[in-house]
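Quick notes on the structure that follows.
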Amino acid sequence: MQFILILLVIAGGMGLSVEAGLLGPLGGEVGDLWATFSIFGVGAALTFLLMLFFSPRNSPSFFAQPGWQLLGGVLGPVYVVILTIATPAIGIALTMIGILAGQVFKSLIIDHFGLLGTPHRKINSRRIVALVFIIAALVLVAKG
């Protein structure tokens, strides 16, 4: 099961690269914020349809959840605007490696301290080495 989940997240990462490649030219044509809006509009419509047909009917109310959990809704558009602006200027590879470096760095901190309701996963030397390799990849791609 873990292997299947790893394959799914790799596929998701590939999708983000495609999204970045689409957003740059779209932002150049219609503007960065309109490009971001279009991505979220299509995504919201698709999610709504999926919820209609596949969401459990007896799940807890969305409105009963703590407000801080909705911050992902703020972070998503910020991320997409950054993709839209950065990708045409520095390329998809450098953009994605930069995003990955930031994700891994912050993820290690979140895991280590068990923030945001996640289980504790201590930072160890292997995780630090992985982050160093990602930063090295970022430097190599930036210089290459």
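Diffusion of the chain by Stokes-Einstein, at 37 °C in a medium of 0.692 mPa s and with Rh set to the Kirkwood radius over alpha-carbon pairs, works out to 186 µm²/s. By the equivalent-ellipsoid construction on the alpha carbon gyration tensor, the range 9-48 comes out with semi-axes of 19, 15, 5 Å, ordered largest to smallest.
For the range 70-144, the equivalent ellipsoid derived from the alpha-carbon gyration tensor has semi-axes of 24, 20, 5 Å in decreasing order. Note on the chain: with neighbouring protein chains present and a 1.4 Å probe, carbon and sulfur make up 76 percent of its accessible heavy-atom surface. In the chain, excluding the sites themselves, the longest stretch lacking any of the trypsin sites (Lys or Arg not before Pro) that are in a DSSP loop with at most 13 other Cβ atoms within 10 Å is 58-121. A Förster distance of 35 Å, applied to the separation of the beta-carbon atoms of PHE40 and LEU5, puts the FRET efficiency at 0.90. With all protein chains kept in place, the per residue accessible area of the chain amounts to 73 square angstrom at a probe of 1.4 angstrom. For the pair ALA130 and VAL30, the difference between a 0.36 nm per residue extended length and the Cα-Cα distance amounts to 32.2 nm. Using Cα pairs under 8 angstrom and six or more residues apart, how large is the relative contact order of the chain, in percent? Relative contact order, the chain: 24 percent.
The values are calculated or read from the model by the stated rules, or taken from the named source; none is laboratory data. Predicted model only: the values in this text are computed from it and were never measured. All Cβ positions, even for glycine, are placed from backbone atoms using ideal geometry, and neighbour counts span all protein chains on display. Please note that ligands, DNA and RNA were not included when accessible areas were found on the heavy atoms of the full protein model with its side chains. Shrake-Rupley method; radii C 1.70, N 1.55, O 1.52, S 1.80 Å.
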